[in-house]
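Undergrad: Here you go, one structure.
The values are calculated or read from the model by the stated rules, or taken from the named source; none is laboratory data. All figures in this text were calculated on a predicted structure; none of them were measured in a lab. Please note: Cβ atoms are built from the backbone with ideal geometry, for glycine as well, and neighbour counts cover all protein chains shown.
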Number of protein chains: 2
Amino acid sequence: MANVITIEDPADPRLADFRDLSTADRRPDRPGGRGLVIAEGVVVVERLLASPYPVRALLGVARRIEALADRLAPLDVPAYVATAEVMAEVVGFHLNRGVLASADRAVLPSATELAASSRRLAVLEGVGDHENLGSLFRNAAALGLDGLLLGPGCSDPLYRRSVRVSMGHVLRVPFATLDEWPGGLNMLRDKGFTIAALTPRASAVPLAEAGLGEGGAALLLGSEGPGLTEEAIEAADVVVRIPMSGQVDSLNVATAAAIAFYELGVGRNHDTSRKTDPTADAAR
Amino acid sequence: MANVITIEDPADPRLADFRDLSTADRRPDRPGGRGLVIAEGVVVVERLLASPYPVRALLGVARRIEALADRLAPLDVPAYVATAEVMAEVVGFHLNRGVLASADRAVLPSATELAASSRRLAVLEGVGDHENLGSLFRNAAALGLDGLLLGPGCSDPLYRRSVRVSMGHVLRVPFATLDEWPGGLNMLRDKGFTIAALTPRASAVPLAEAGLGEGGAALLLGSEGPGLTEEAIEAADVVVRIPMSGQVDSLNVATAAAIAFYELGVGRNHDTSRKTDPTADAAR
């Protein structure tokens, strides 16, 4: 493992990536103006090391850096070792997870490129909450979505809190922005996707009856409060809902999405009694 | 609407229920030693007012108390009106939601009573995280579970944070404690429940193939880290899993539960093509 460097002075300029971490997302000094990608904790740092994002540096207590030795062996990046006290002084708060890594942003695929290599996508509109966004990526990863498209009003998935809540899956699940809205959805339709808008409306089709697992599907998801805009709903091929018990208005958006991902992704397609498209698994 | 009382002095002893709210859960002075039930915000307060919990008092800014006027009309409880500043001084922090209500605890049903009136139950083991517990109740309410049974190691669902995260559904969805563990599960089996343990193990049966929607079902759920104990898994009739994409270990427990609730509850039973028990809906 190359470049393990012990640091004793919290003011050491080599730690600039990790300084005042709670405001690091607002730094204006990166391409795109949105700060570095920061991973926290062994599991998320491992996902960063396995990702396409160019790793810049690590900072951790000795025990955590050692735990990552195998993953660090092939990398030519500095791994700074410090005490928990020095780390706390650098980042500005006590860090339970004991290890951090920084990376530069990578070039995102275009929406068209992502669609070309995907069969199951989520398309988000107005998902501004960083925790919900992180949970959506975690759930997409677990349930076999191929990627996420970010429509208007979505937050930055590489914001530190989203990275953490996603358990690092924002670094693994491809995403792209869909700039033209809702016109950009036509591109998906042209590529053979059925566009399904998820809403709590009683007039919508129950999710299980929409046959979404059977072909390319793009699931439109809105924010937790207002939901999808009318224009997004009108642009969809089918409007679907999760049947709910009488008095309850709605689930958290990431939870509702998980149910829909289950229905259209790997969850239900393992139920061979329902599989109507024998090529579905082969295409994955 | 009875008993609207304007309060100007934050030290007014009539506001004792709401004082230092961040530590109120640890008050030793209530039956069970676990504090009052506190509801925050109009939606949750409305759910408290509609619940079996005996309401003691409300405290809110004028606008919020007015918004609840219809619900308060039939109640003989004090509704204290104060400014946001006075409220902040009483509760110890600034309260965005602008209205609170307090209630006494109610006698819980026994596990046997709850089972007798239920067809679909979740049984929790070691769910100590208050947010996960609150989310589990919210998801259970939305997806038509009849109740929750709390095995060993679970937190108090009436803790303030759980009440809030559940959106007040801990006050609506019945729950009981299952004291004998895992022996108490035999009672459920005797009442005709199929006991299904949810784990991420590859050897488990995919959820969709277990036929859980077709009869009485009790779903065993463990905590997010360690999951269910071996003894709980061995006590189950069937061990089920949510099929997941290759590299991902697991979902958040409340999210995994939501998918399972969907599969066995009202979500999938709206799919008439799969309904094999024509009495299922009639029994609800």
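Undergrad: Would you say A:G126 is under 30 Å from A:R189 (Cβ atoms) and touching a Ser or Thr at 6+ places or on another chain (Cβ under 6 Å)?
TA: Yes: the conditions hold for A:G126.
Undergrad: Could you tell me which of the residues A:L198, A:L171, A:L185, A:L178 is buried (at least 18 other Cβ atoms within 10 Å of the Cβ) and either under 18 Å from A:A260 (Cα atoms) or β-branched (V, I, T) (or both)?
TA: A:L198
Undergrad: Being free of Cβ contacts under 8 Å to residues at least 24 places away in the same chain, closer than 27 Å to A:D156 by Cα and exposed (fewer than 14 other Cβ atoms within 10 Å of the Cβ) is the filter here; which residues of the stretch A:56-95 pass it?
TA: Within the stretch A:56-95, A:H94 is the sole residue that qualifies.
Undergrad: Please verify whether B:L143 is in contact with a Phe, Trp or Tyr (Cβ under 9 Å, 6 or more places away or on another chain) and not basic (K, R), treating the condition exactly as stated. Give the steps one after another, and end with the answer.
TA: Numbers: in contact with a Phe, Trp or Tyr (Cβ under 9 Å, 6 or more places away or on another chain): yes; not basic (K, R): yes.
Yes; evaluated as a whole, the condition is true for this residue.
Undergrad: Something else: Select from the stretch A:67-111 the residues that are hydroxyl-bearing (S, T, Y) and in contact with a strand residue (DSSP E or B) (Cβ under 8 Å, 6 or more places away or on another chain) and list them in ascending order.
TA: Residues satisfying the conditions are A:Y80, A:S102, A:S110.
Undergrad: Exactly one of these conditions fails for B:P243: (1) farther than 24 Å from B:A116 by Cβ; (2) at pLDDT below 90. Give me its number.
TA: (2)
Undergrad: Of all residues in the stretch B:162-178, count the ones that are free of Cβ contacts under 8 Å to residues at least 40 places away in the same chain and either away from chain A (no Cβ under 14 Å) or in contact with a strand residue (DSSP E or B) (Cβ under 8 Å, 6 or more places away or on another chain) (or both).
TA: Number satisfying all stated conditions: 2.
Undergrad: Test each condition in (1) assigned to a helix (DSSP H, G or I); (2) away from chain B (no Cβ under 14 Å) for A:G192 and report the one that comes out false.
TA: (1)
Undergrad: Next question. Residue by residue through the stretch B:204-251, note down the ones that are farther than 23 Å from A:G168 by Cβ, part of a loop (DSSP other than H, G, I, E, B) and within 14 Å of chain A (Cβ to nearest Cβ).
TA: B:A204, B:A210, B:G211
Undergrad: Considering only residues of the stretch B:143-153 that are closer than 25 Å to A:A260 by Cα and in contact (Cβ under 8 Å) with a residue 40 or more places away in the chain, which is farthest from the other protein chains (Cβ to nearest Cβ)?
TA: Among them, the one singled out is B:L145.
Undergrad: Considering (1) more than 22 Å from the chain's Cα centre (by Cα); (2) closer than 30 Å to A:D179 by Cβ; (3) of a type outside the set (S, T, Y), say which one A:A69 fails and leave the rest.
TA: Unmet condition: (2).
Undergrad: Next question. Of the residues that sit in the stretch A:163-221 and are among the charged types (D, E, K, R) and in contact with a Lys or Arg (Cβ under 7 Å, 6 or more places away or on another chain), which one is nearest to A:S102 (Cα to Cα)?
TA: Taking the candidates together, the pick is A:R172.
Undergrad: Given the condition at pLDDT below 95, closer than 23 Å to A:A208 by Cβ, crowded, with 19+ Cβ neighbours inside 10 Å and touching a Phe, Trp or Tyr at 6+ places or on another chain (Cβ under 6 Å), answer yes or no: does some residue in the stretch B:205-216 qualify?
TA: yes
Undergrad: Would you tally the residues in the stretch A:161-187 being under 23 Å from A:R138 (Cα atoms) and outside any strand (DSSP E or B)?
TA: Residues of the stretch A:161-187 under 23 Å from A:R138 (Cα atoms): A:161-178.
So of that shortlist, the ones also outside any strand (DSSP E or B) come out as A:161-174, A:178.
Of the residues in the stretch A:161-187, 15 are under 23 Å from A:R138 (Cα atoms) and outside any strand (DSSP E or B).
Rundown of residues vs (1) away from chain B (no Cβ under 12 Å); (2) without any contact (Cβ under 8 Å) to a residue 40 or more places away in the chain; (3) farther than 30 Å from A:A79 by Cα; (4) surrounded by fewer than 21 Cβ atoms within 10 Å (Cβ to Cβ), yes/no style:
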residue	(1), (2), (3), (4)
A:T112	yes, no, yes, yes
A:A116	yes, no, yes, yes
A:H130	yes, yes, no, yes
A:S135	no, no, no, no
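Undergrad: Which numbered condition in (1) in the same structural domain as B:L264 (by TED's automatic domain parsing); (2) more than 30 Å from B:G225 (Cα to Cα) is the only one that B:L95 fails?
TA: Only one criterion in (1) in the same structural domain as B:L264 (by TED's automatic domain parsing); (2) more than 30 Å from B:G225 (Cα to Cα) is unmet by B:L95, namely (1).
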